[in-house]
Amino acid sequence: MEQRDLREDQATVARVRPAFAHHSEAELARILDFYQVRWQYEPDAFPIGWSLDGDVVESFSPDFFLPDLDLYVELTTLKQTLVRKKNRKLRRLRELYPDVRIKLFYARDFRMLLLKFGRLGLLGELSGTTGQATPPREPVVAGSALPSDAVVVADDGEADAEAGHAGRGRRRGRRRRSASRAAAAVGIDPASPVTPMPA
Amino acid sequence: MSRPVDLVNDIGEVLLTEEQIAARVAELGRKISADYAGRNLTLVSVLKGSLPFMADLMRQIALPLRIDLMEVSSYGGTATESSGLVRIIKDLSASISGEDVLLVEDIIDTGLTLNYLVRYLRGKNPASLKICTLLDKPARRLVEIPVDYQGFEIPDQFVVGYGLDYSERYRNLRFVGVLRPEVYSGPD
(Lines give C-alpha, C1' and ligand atoms only; values in the text may rest on other atoms or scores of the structure.)
Protein backbone atom coordinates (compact mmCIF):
# COMPACT_ATOMS: atom_id res chain seq x y z
CA MET A 1 0.00 0.00 0.00
CA GLU A 2 2.78 2.36 0.97
CA GLN A 3 4.63 1.64 -2.24
CA ARG A 4 1.49 2.34 -4.24
CA ASP A 5 1.08 5.60 -2.35
CA LEU A 6 4.64 6.50 -3.19
CA ARG A 7 4.04 5.84 -6.85
CA GLU A 8 0.87 7.89 -6.71
CA ASP A 9 2.82 10.65 -5.02
CA GLN A 10 5.36 10.51 -7.81
CA ALA A 11 2.60 10.69 -10.38
CA THR A 12 0.68 13.49 -8.78
CA VAL A 13 3.33 15.95 -7.73
CA ALA A 14 2.15 18.96 -9.62
CA ARG A 15 4.46 21.09 -11.61
CA VAL A 16 2.64 24.30 -10.88
CA ARG A 17 4.94 26.92 -9.49
CA PRO A 18 4.05 30.05 -7.58
CA ALA A 19 5.97 33.23 -8.21
CA PHE A 20 8.84 32.73 -5.84
CA ALA A 21 10.39 35.82 -4.35
CA HIS A 22 13.89 34.43 -4.79
CA HIS A 23 15.46 31.69 -6.84
CA SER A 24 16.75 30.03 -3.68
CA GLU A 25 13.12 29.41 -2.75
CA ALA A 26 12.49 27.87 -6.16
CA GLU A 27 15.51 25.63 -5.62
CA LEU A 28 14.27 24.52 -2.20
CA ALA A 29 10.88 23.77 -3.76
CA ARG A 30 12.61 21.58 -6.34
CA ILE A 31 14.52 19.77 -3.59
CA LEU A 32 11.32 19.15 -1.64
CA ASP A 33 9.58 17.94 -4.79
CA PHE A 34 12.46 15.60 -5.50
CA TYR A 35 12.13 13.97 -2.11
CA GLN A 36 8.34 14.01 -2.31
CA VAL A 37 7.81 16.31 0.61
CA ARG A 38 4.60 18.27 0.13
CA TRP A 39 4.85 22.01 0.55
CA GLN A 40 2.85 25.19 0.42
CA TYR A 41 4.38 28.52 -0.44
CA GLU A 42 3.71 31.33 2.05
CA PRO A 43 0.30 29.99 3.06
CA ASP A 44 0.05 31.91 6.32
CA ALA A 45 0.85 35.34 7.64
CA PHE A 46 1.33 35.66 11.37
CA PRO A 47 0.70 39.09 12.88
CA ILE A 48 3.64 40.08 15.06
CA GLY A 49 3.14 43.81 15.51
CA TRP A 50 0.12 45.98 16.16
CA SER A 51 -0.51 49.70 16.23
CA LEU A 52 -2.07 51.42 19.21
CA ASP A 53 -5.34 51.19 17.32
CA GLY A 54 -4.98 47.44 17.16
CA ASP A 55 -4.19 47.33 13.49
CA VAL A 56 -1.66 44.81 12.36
CA VAL A 57 1.39 46.71 11.25
CA GLU A 58 3.83 43.85 10.94
CA SER A 59 3.44 40.24 9.92
CA PHE A 60 5.72 37.34 9.36
CA SER A 61 4.99 34.98 6.52
CA PRO A 62 7.32 31.97 6.50
CA ASP A 63 8.33 30.93 3.01
CA PHE A 64 7.14 27.34 3.16
CA PHE A 65 4.79 25.17 5.14
CA LEU A 66 5.37 21.42 5.01
CA PRO A 67 1.96 19.97 5.96
CA ASP A 68 3.10 16.40 6.50
CA LEU A 69 5.77 17.58 8.92
CA ASP A 70 3.74 20.41 10.44
CA LEU A 71 6.76 22.60 9.92
CA TYR A 72 7.31 26.09 8.55
CA VAL A 73 10.57 26.84 6.79
CA GLU A 74 11.98 30.31 6.39
CA LEU A 75 14.81 30.68 3.97
CA THR A 76 17.10 33.64 4.12
CA THR A 77 19.98 34.05 1.75
CA LEU A 78 21.10 37.30 3.27
CA LYS A 79 24.58 37.58 4.60
CA GLN A 80 24.78 36.75 8.29
CA THR A 81 25.40 40.38 9.18
CA LEU A 82 22.15 41.42 7.50
CA VAL A 83 19.76 38.96 9.08
CA ARG A 84 19.15 40.86 12.32
CA LYS A 85 15.70 42.00 11.21
CA LYS A 86 14.74 38.50 10.15
CA ASN A 87 15.98 37.06 13.45
CA ARG A 88 13.98 39.62 15.39
CA LYS A 89 10.81 38.71 13.51
CA LEU A 90 11.47 35.05 14.07
CA ARG A 91 11.98 35.58 17.79
CA ARG A 92 8.74 37.52 17.92
CA LEU A 93 6.90 34.77 16.08
CA ARG A 94 8.19 32.17 18.52
CA GLU A 95 7.17 34.30 21.47
CA LEU A 96 3.66 34.86 20.18
CA TYR A 97 3.04 31.45 18.65
CA PRO A 98 5.03 28.93 20.69
CA ASP A 99 3.23 25.99 19.12
CA VAL A 100 4.30 26.92 15.63
CA ARG A 101 7.28 24.87 14.52
CA ILE A 102 9.58 26.83 12.26
CA LYS A 103 13.03 26.16 10.89
CA LEU A 104 15.19 29.00 9.67
CA PHE A 105 17.61 28.24 6.92
CA TYR A 106 20.40 30.79 6.85
CA ALA A 107 22.51 31.45 3.78
CA ARG A 108 25.19 29.18 5.18
CA ASP A 109 22.73 26.34 5.71
CA PHE A 110 21.41 26.64 2.21
CA ARG A 111 24.91 26.94 0.81
CA MET A 112 25.82 23.67 2.51
CA LEU A 113 22.66 22.07 1.20
CA LEU A 114 23.57 23.04 -2.36
CA LEU A 115 27.08 21.82 -1.77
CA LYS A 116 25.77 18.48 -0.58
CA PHE A 117 23.72 18.15 -3.73
CA GLY A 118 26.50 19.34 -5.99
CA ARG A 119 24.56 22.41 -7.10
CA LEU A 120 27.65 24.55 -6.99
CA GLY A 121 26.55 26.68 -9.91
CA LEU A 122 23.92 28.29 -7.72
CA LEU A 123 26.22 29.22 -4.88
CA GLY A 124 27.26 32.49 -6.44
CA GLU A 125 23.67 33.59 -6.77
CA LEU A 126 22.92 33.55 -3.06
CA SER A 127 22.83 37.26 -2.62
CA GLY A 128 19.28 37.78 -1.46
CA THR A 129 17.59 41.03 -0.72
CA THR A 130 16.50 42.71 2.42
CA GLY A 131 12.98 41.93 1.33
CA GLN A 132 10.78 38.98 2.10
CA ALA A 133 9.12 41.24 4.63
CA THR A 134 5.46 40.59 4.46
CA PRO A 135 3.27 43.28 2.95
CA PRO A 136 -0.05 43.84 4.70
CA ARG A 137 -2.44 41.03 3.87
CA GLU A 138 -6.04 40.22 4.47
CA PRO A 139 -6.93 38.34 6.51
CA VAL A 140 -4.07 38.82 8.90
CA VAL A 141 -5.37 36.86 11.86
CA ALA A 142 -3.37 33.72 12.51
CA GLY A 143 -5.47 30.66 12.01
CA SER A 144 -7.34 32.12 9.09
CA ALA A 145 -8.03 30.03 6.04
CA LEU A 146 -5.28 29.47 3.57
CA PRO A 147 -5.18 32.27 1.04
CA SER A 148 -6.68 31.48 -2.32
CA ASP A 149 -3.33 31.75 -4.01
CA ALA A 150 -1.73 29.15 -1.75
CA VAL A 151 -0.18 26.43 -3.83
CA VAL A 152 -0.33 22.83 -2.76
CA VAL A 153 2.17 21.05 -4.90
CA ALA A 154 1.15 17.49 -4.29
CA ASP A 155 -2.48 16.53 -4.56
CA ASP A 156 -2.94 13.07 -3.18
CA GLY A 157 -6.51 12.63 -4.30
CA GLU A 158 -9.85 12.86 -2.61
CA ALA A 159 -9.17 10.61 0.36
CA ASP A 160 -5.98 12.41 1.19
CA ALA A 161 -7.63 15.71 0.44
CA GLU A 162 -10.13 14.93 3.17
CA ALA A 163 -7.30 13.99 5.48
CA GLY A 164 -5.58 17.18 4.46
CA HIS A 165 -8.64 19.21 5.33
CA ALA A 166 -8.83 17.49 8.68
CA GLY A 167 -5.16 18.19 9.23
CA ARG A 168 -5.62 21.75 8.16
CA GLY A 169 -8.52 22.04 10.56
CA ARG A 170 -6.36 20.77 13.39
CA ARG A 171 -3.64 23.17 12.34
CA ARG A 172 -6.06 26.05 12.20
CA GLY A 173 -7.32 25.13 15.62
CA ARG A 174 -3.81 25.03 16.94
CA ARG A 175 -3.00 28.36 15.38
CA ARG A 176 -6.17 29.87 16.75
CA ARG A 177 -5.11 28.69 20.17
CA SER A 178 -1.66 30.09 19.52
CA ALA A 179 -3.16 33.36 18.38
CA SER A 180 -5.34 33.48 21.47
CA ARG A 181 -2.37 32.83 23.70
CA ALA A 182 -0.38 35.42 21.82
CA ALA A 183 -3.17 37.90 22.19
CA ALA A 184 -3.51 37.16 25.88
CA ALA A 185 0.21 37.42 26.35
CA VAL A 186 0.27 40.90 24.93
CA GLY A 187 -2.93 42.02 26.57
CA ILE A 188 -5.61 41.96 23.89
CA ASP A 189 -8.94 40.22 23.77
CA PRO A 190 -8.75 37.56 21.06
CA ALA A 191 -12.45 38.03 20.40
CA SER A 192 -11.90 41.69 19.73
CA PRO A 193 -9.16 42.09 17.17
CA VAL A 194 -9.29 45.87 17.43
CA THR A 195 -8.23 45.98 21.07
CA PRO A 196 -5.20 48.26 21.15
CA MET A 197 -1.85 46.68 21.70
CA PRO A 198 0.19 47.97 24.56
CA ALA A 199 3.16 50.01 23.51
CA MET B 1 36.08 18.57 -10.21
CA SER B 2 38.92 20.38 -11.96
CA ARG B 3 40.98 20.84 -8.82
CA PRO B 4 43.29 17.87 -8.18
CA VAL B 5 42.35 15.86 -5.10
CA ASP B 6 44.88 15.87 -2.30
CA LEU B 7 43.81 13.34 0.32
CA VAL B 8 46.10 14.86 2.93
CA ASN B 9 46.08 18.60 2.42
CA ASP B 10 42.44 18.96 1.45
CA ILE B 11 41.44 18.00 4.98
CA GLY B 12 41.40 20.90 7.38
CA GLU B 13 40.75 18.92 10.52
CA VAL B 14 40.37 15.29 11.52
CA LEU B 15 37.02 15.17 13.25
CA LEU B 16 36.98 11.47 14.12
CA THR B 17 40.05 9.29 14.09
CA GLU B 18 40.10 5.73 12.86
CA GLU B 19 40.42 4.57 16.46
CA GLN B 20 37.47 6.63 17.68
CA ILE B 21 35.31 5.28 14.90
CA ALA B 22 36.32 1.69 15.54
CA ALA B 23 35.61 2.00 19.26
CA ARG B 24 32.18 3.50 18.70
CA VAL B 25 31.25 0.99 16.02
CA ALA B 26 32.16 -1.80 18.44
CA GLU B 27 29.90 -0.26 21.07
CA LEU B 28 27.05 0.02 18.62
CA GLY B 29 27.60 -3.59 17.58
CA ARG B 30 27.36 -4.78 21.16
CA LYS B 31 24.19 -2.82 21.81
CA ILE B 32 22.56 -4.01 18.60
CA SER B 33 23.56 -7.59 19.40
CA ALA B 34 21.85 -7.34 22.76
CA ASP B 35 18.76 -5.61 21.44
CA TYR B 36 18.17 -8.04 18.59
CA ALA B 37 19.08 -11.30 20.28
CA GLY B 38 16.78 -14.09 19.10
CA ARG B 39 15.30 -12.03 16.28
CA ASN B 40 15.61 -12.11 12.50
CA LEU B 41 17.83 -9.11 11.86
CA THR B 42 18.44 -7.70 8.40
CA LEU B 43 20.84 -4.81 7.95
CA VAL B 44 19.98 -2.59 5.02
CA SER B 45 22.78 -0.32 3.92
CA VAL B 46 22.33 2.71 1.72
CA LEU B 47 24.97 2.99 -0.96
CA LYS B 48 27.47 4.35 -1.35
CA GLY B 49 28.42 6.30 1.73
CA SER B 50 27.52 3.75 4.36
CA LEU B 51 29.62 0.92 2.89
CA PRO B 52 32.61 1.17 5.29
CA PHE B 53 30.31 1.64 8.28
CA MET B 54 28.18 -1.31 7.24
CA ALA B 55 31.21 -3.51 6.70
CA ASP B 56 32.62 -2.71 10.14
CA LEU B 57 29.30 -2.72 11.98
CA MET B 58 28.12 -6.09 10.71
CA ARG B 59 31.32 -7.70 11.95
CA GLN B 60 30.68 -6.28 15.41
CA ILE B 61 27.23 -7.81 15.66
CA ALA B 62 27.32 -11.28 17.15
CA LEU B 63 24.08 -12.50 15.59
CA PRO B 64 23.12 -14.51 12.52
CA LEU B 65 22.01 -11.64 10.35
CA ARG B 66 21.27 -10.91 6.73
CA ILE B 67 22.44 -7.88 4.81
CA ASP B 68 21.02 -6.07 1.83
CA LEU B 69 21.94 -2.97 -0.12
CA MET B 70 19.95 -0.12 -1.57
CA GLU B 71 20.81 2.92 -3.58
CA VAL B 72 18.63 5.92 -4.25
CA SER B 73 19.19 8.78 -6.63
CA SER B 74 20.35 12.02 -5.11
CA TYR B 75 19.13 15.48 -5.89
CA GLY B 76 21.52 17.17 -8.25
CA GLY B 77 22.55 13.92 -9.86
CA THR B 78 22.65 13.50 -13.58
CA ALA B 79 19.14 12.08 -13.72
CA THR B 80 17.62 14.87 -11.68
CA GLU B 81 16.76 17.26 -14.43
CA SER B 82 14.83 14.72 -16.44
CA SER B 83 12.98 12.81 -13.72
CA GLY B 84 12.78 15.42 -11.00
CA LEU B 85 11.92 12.80 -8.41
CA VAL B 86 13.94 10.58 -6.15
CA ARG B 87 14.01 6.99 -7.35
CA ILE B 88 15.39 3.66 -6.27
CA ILE B 89 18.51 2.88 -8.28
CA LYS B 90 19.11 -0.43 -6.54
CA ASP B 91 16.31 -2.13 -4.69
CA LEU B 92 16.50 -4.79 -2.03
CA SER B 93 17.45 -8.20 -3.35
CA ALA B 94 15.15 -10.13 -0.99
CA SER B 95 11.91 -9.63 0.85
CA ILE B 96 12.07 -8.02 4.27
CA SER B 97 8.49 -8.89 5.15
CA GLY B 98 8.41 -10.06 8.74
CA GLU B 99 12.08 -9.24 9.26
CA ASP B 100 13.51 -6.89 11.86
CA VAL B 101 15.20 -4.32 9.68
CA LEU B 102 17.94 -1.96 10.74
CA LEU B 103 18.61 0.75 8.20
CA VAL B 104 22.30 1.63 8.27
CA GLU B 105 23.20 5.16 7.21
CA ASP B 106 26.50 6.98 7.07
CA ILE B 107 25.10 10.40 7.93
CA ILE B 108 21.76 12.03 8.58
CA ASP B 109 21.53 15.74 8.02
CA THR B 110 18.34 17.05 6.40
CA GLY B 111 16.61 13.71 6.78
CA LEU B 112 15.06 14.01 3.32
CA THR B 113 16.58 10.83 1.90
CA LEU B 114 15.91 8.95 5.11
CA ASN B 115 12.31 10.08 5.17
CA TYR B 116 11.83 8.68 1.67
CA LEU B 117 13.57 5.42 2.50
CA VAL B 118 11.62 4.87 5.69
CA ARG B 119 8.34 5.36 3.85
CA TYR B 120 9.49 2.99 1.14
CA LEU B 121 10.72 0.28 3.50
CA ARG B 122 7.66 0.45 5.73
CA GLY B 123 5.66 -0.41 2.64
CA LYS B 124 7.48 -3.74 2.51
CA ASN B 125 5.99 -4.80 5.85
CA PRO B 126 9.02 -5.48 8.00
CA ALA B 127 8.34 -6.68 11.53
CA SER B 128 10.21 -3.62 12.73
CA LEU B 129 12.26 -0.82 11.22
CA LYS B 130 14.92 1.06 13.11
CA ILE B 131 17.64 3.44 12.10
CA CYS B 132 21.35 3.36 12.79
CA THR B 133 23.61 6.16 11.65
CA LEU B 134 27.29 6.72 12.16
CA LEU B 135 27.01 10.49 12.01
CA ASP B 136 24.14 12.73 12.99
CA LYS B 137 24.09 16.39 12.05
CA PRO B 138 20.95 17.63 13.81
CA ALA B 139 21.58 21.30 13.09
CA ARG B 140 20.63 20.68 9.49
CA ARG B 141 17.55 18.57 10.16
CA LEU B 142 14.47 19.32 8.15
CA VAL B 143 12.58 16.07 8.60
CA GLU B 144 12.59 14.86 12.18
CA ILE B 145 13.00 11.10 12.28
CA PRO B 146 13.94 9.29 15.47
CA VAL B 147 17.39 7.76 15.29
CA ASP B 148 17.69 4.55 17.28
CA TYR B 149 21.44 4.05 17.12
CA GLN B 150 23.75 7.01 16.70
CA GLY B 151 27.52 6.89 16.40
CA PHE B 152 28.45 10.53 16.74
CA GLU B 153 26.65 13.84 16.74
CA ILE B 154 28.77 16.21 14.69
CA PRO B 155 28.77 19.97 14.11
CA ASP B 156 27.47 21.55 10.96
CA GLN B 157 30.59 21.15 8.85
CA PHE B 158 31.19 19.50 5.52
CA VAL B 159 32.77 16.17 6.33
CA VAL B 160 34.34 13.51 4.16
CA GLY B 161 35.99 10.16 4.66
CA TYR B 162 34.98 6.73 5.94
CA GLY B 163 32.53 6.49 3.08
CA LEU B 164 31.49 10.12 2.85
CA ASP B 165 32.41 11.90 -0.32
CA TYR B 166 32.75 15.20 -1.97
CA SER B 167 32.16 14.81 -5.69
CA GLU B 168 32.71 11.04 -5.31
CA ARG B 169 36.17 11.45 -3.78
CA TYR B 170 37.61 11.05 -0.29
CA ARG B 171 35.43 8.03 0.52
CA ASN B 172 38.50 5.89 1.14
CA LEU B 173 39.88 7.98 3.99
CA ARG B 174 40.10 5.92 7.16
CA PHE B 175 38.92 8.83 9.30
CA VAL B 176 36.20 11.48 9.12
CA GLY B 177 37.60 14.90 8.36
CA VAL B 178 36.42 18.41 7.63
CA LEU B 179 37.01 19.43 4.06
CA ARG B 180 38.82 22.73 3.64
CA PRO B 181 36.34 25.30 2.31
CA GLU B 182 38.69 26.32 -0.48
CA VAL B 183 38.31 22.82 -1.91
CA TYR B 184 34.67 23.39 -2.74
CA SER B 185 34.65 27.17 -2.88
CA GLY B 186 37.63 27.56 -5.13
CA PRO B 187 40.27 30.25 -4.70
CA ASP B 188 38.91 33.70 -3.82
(message) With the structure loaded, tell me whether B:Ala26 is in a helix (DSSP H, G or I) and without any contact (Cβ under 8 Å) to a residue 24 or more places away in the chain or whether it fails that test.
(response) no
(request) Scan B:Leu121, B:Leu114, B:Leu103, B:Leu92 and give me the residue that is within 10 Å of chain A (Cβ to nearest Cβ) and touching a residue at least 40 places away in the same chain (Cβ under 8 Å). (result) B:Leu121
(message) Out of B:Leu85, B:Leu129, I need the residue that is among the hydrophobic types (A, V, I, L, M, F, W, C), farther than 18 Å from B:Tyr149 by Cα and within 12 Å of chain A (Cβ to nearest Cβ). Which one?
(response) B:Leu85
(message) If I filter region A:92-108 down to residues being facing chain B (nearest Cβ under 9 Å) and surrounded by 18 or more Cβ atoms within 10 Å (Cβ to Cβ), which single residue comes out as nearest to the chain's Cα centre (by Cα)?
(response) A:Lys103
(message) Quick check on region A:25-56: of everything there that is among the charged types (D, E, K, R) and more than 11 Å from chain B (Cβ to nearest Cβ), which residue is farthest from B:Arg87 (Cα to Cα)?
(response) A:Asp53
(request) Kindly indicate which of B:Leu135, B:Leu92, B:Leu114 is closer than 12 Å to B:Val46 by Cα, aliphatic (A, V, I, L, M) and modelled with pLDDT of 95 or more. (result) B:Leu92
(message) I need a count of the residues in region B:132-162 that are within 9 Å of chain A (Cβ to nearest Cβ) and either surrounded by fewer than 22 Cβ atoms within 10 Å (Cβ to Cβ) or of a type in the set (Phe, Trp, Tyr) (or both).
(response) 8
(message) Against the condition of a type in the set (Gly, Ala, Ser), assigned to a helix (DSSP H, G or I) and either at pLDDT 85 or above or within 23 Å of A:Arg111 (Cβ to Cβ) (or both), how does A:Ser24 come out, does it pass?
(response) yes
(message) Give me the residue from region A:57-72 that is surrounded by fewer than 21 Cβ atoms within 10 Å (Cβ to Cβ) and either of a type in the set (A, V, I, L, M) or over 13 Å from A:Leu93 (Cβ atoms) (or both) and, out of that set, nearest to the other protein chains (Cβ to nearest Cβ).
(response) A:Leu69
(request) Would you check which residues across region B:109-152 are of a type in the set (Gly, Ala, Ser) and over 19 Å from B:Asp91 (Cβ atoms) and list them? (result) B:Gly111, B:Ala127, B:Ser128, B:Ala139, B:Gly151
(request) Would you confirm whether any residue within region B:128-143 is in a loop (DSSP other than H, G, I, E, B) and acidic (Asp, Glu)? (result) no
(message) For region B:32-43: of the residues being touching a residue at least 60 places away in the same chain (Cβ under 8 Å) and surrounded by 15 or more Cβ atoms within 10 Å (Cβ to Cβ), which is farthest from B:Cys132 (Cα to Cα)?
(response) B:Asn40
(request) Specify which of the listed residues (A:Gly128, A:Gly124) is within 14 Å of chain B (Cβ to nearest Cβ) and modelled with pLDDT under 80. (result) A:Gly124
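The values are calculated or read from the model by the stated rules, or taken from the named source; none is laboratory data. Only a predicted model underlies this, so the values are computations on that prediction, with no experimental measurement involved. Here Cβ is always computed from backbone atoms with ideal geometry, including for glycine, and neighbour counts include all displayed protein chains.
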